[in-house]
Structure formats: structure tokens, C-alpha cells
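K.L.:
Right, I'll just put the structure down here and ask away after.
The values are calculated or read from the model by the stated rules, or taken from the named source; none is laboratory data. Computed from a predicted model, the values in this text were never measured in an experiment. FYI the Cβ positions are ideal-geometry reconstructions off the backbone, even for glycines, and counts take in every protein chain you see. Each accessible area value is taken on the protein alone, full model and side chains, heavy atoms only, with ligands, DNA and RNA left out. Shrake-Rupley method; radii C 1.70, N 1.55, O 1.52, S 1.80 Å.
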Amino acid sequence: MNPQFLLWLTGAMAVFIGGATASRAYIANNNILILIFALSLYCVGNLMMVRLMREGGLGLAISASAIAQLVVVNIVAFVVFGERLSLPQLAGVGLGIVAMALMLFPVERGA
């Protein structure tokens, strides 16, 4: 996988995680400014995804983004908000990590 793709993916994920964290904070305190901030972060993240789609294709970009968000959002939910996952849910996150590794594994492109 192209290092530039991974760098943009990391940046987009940071923006999306910021948006998710701000959304969760909005739920806790109902401040409309936090909601506007969260929506702004989601817009920036989606604009970053356009570049990822150009470089890696729609399927890889969206799939890698979804799995990265799955993992990181669960870490934030656990560390920041004290939320817990059940054992089957943790297994699902683990399968997501395996799926991400397989998707990013370098392969030769065929016809």
C-alpha cells in the first residue's frame, strides 16, 4: 500500500474520530456549537476521503476507513467514555482488524 494513502487515511480517521467524539460530547451537554463543530469535522473528513478514493479506489478507501473507525472509535469509547463491549463484540472488532490487514496487504494488480 502506498505510504501517502496510509498518511491520508490516518489523517481522515483522526478527523472522523474527532467528529465522533464531539458528537458524543454533544449528547452529554446539548450545546449546539459542539454539534456544529462535529458536523464540520465530518465534512472535512469526507473531503479527505475523496482523495483516498482517487488513489485507492472506492472499495478500498471506504472499507479501510470503516474498519479503522471501528477500531479507534471503540478505543475512544472505552478510554474516554467508559463504555464496554461484550466478548462477541470484541471478537467482531478483532475480525475487523484482520480484515484491515488483509485489505492493505500488497498484491499485484491483474487484468
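K.L.:
Can you give me the angle between helix 32-56 and the longest principal axis of the chain, using Cα atoms only, in degrees from 0 to 90, rounded to the nearest 10?
P.N.:
The two axes meet at around 0 degrees.
K.L.:
Would you look at the GNM of the chain, springs on alpha carbons closer than 10 Å, and say which of L60, L41, L90 moves the most?
P.N.:
Maximum among the listed residues: L90.
K.L.:
Given H placed on each backbone N at 1.01 Å, which residues far from L85 in sequence or on other chains put an amide H within less than 5 Å of it?
P.N.:
For L85, whose amide H was placed from the backbone, there are no distant partners under 5 Å.
K.L.:
Along Cα→Cβ, 7 Å out, is where each label goes; now give me the distance between the ones at A101 and A14 in nm to one decimal.
P.N.:
Taking the two extended label points, one gets 2.5 nm.
K.L.:
Size of the dipole of the chain about the Cα centre, Lys and Arg at +1 and Asp and Glu at -1 on the beta carbon, nothing else charged, in debye to 20?
P.N.:
Once rounded to the nearest 20, the dipole reads 80 debye.
K.L.:
Also, quick follow-up: Of the candidates A38, A25, A12, which one comes out as most mobile in a Gaussian network treatment of the chain with C-alpha springs shorter than 10 Å?
P.N.:
It is A25.
K.L.:
If you don't mind, another one. Hey, with R₀ at 30 Å, roughly what FRET efficiency would R54 and A77 work out to, going by the Cβ-Cβ distance, to 0.05?
P.N.:
Computed FRET efficiency for R54 and A77: 0.45.
K.L.:
In Å², and per residue, what accessible area does the range 3-104 have when probed at 1.4 Å with the other protein chains present?
P.N.:
60
K.L.:
Stretched out fully, how many nm does the piece from N29 to A91 gain, at 0.36 nm a residue minus the Cα gap?
P.N.:
Difference between extended and current length: 19.1 nm.
K.L.:
Restricting to Cα pairs below 8 Å that are 6+ residues apart, what does the relative contact order work out to for the range 1-104? Please round to a whole percent.
P.N.:
RCO, the range 1-104: 28 percent.
K.L.:
Percent of accessible area on the chain owned by carbon and sulfur, 1.4 Å probe?
P.N.:
It is 72 percent, rounded to a whole number.
K.L.:
What span do the alpha-carbon atoms of the chain cover on each of the three principal axes, reported in whole Å from largest to smallest?
P.N.:
Here the Cα extents, ordered largest to smallest, are 53, 34, 18 Å.
K.L.:
Any idea what angle helix 87-104 forms with the longest principal axis of the chain, computed on alpha-carbon atoms, 0 to 90 degrees, nearest 10?
P.N.:
Helix 87-104 sits at roughly 40 degrees to that axis.
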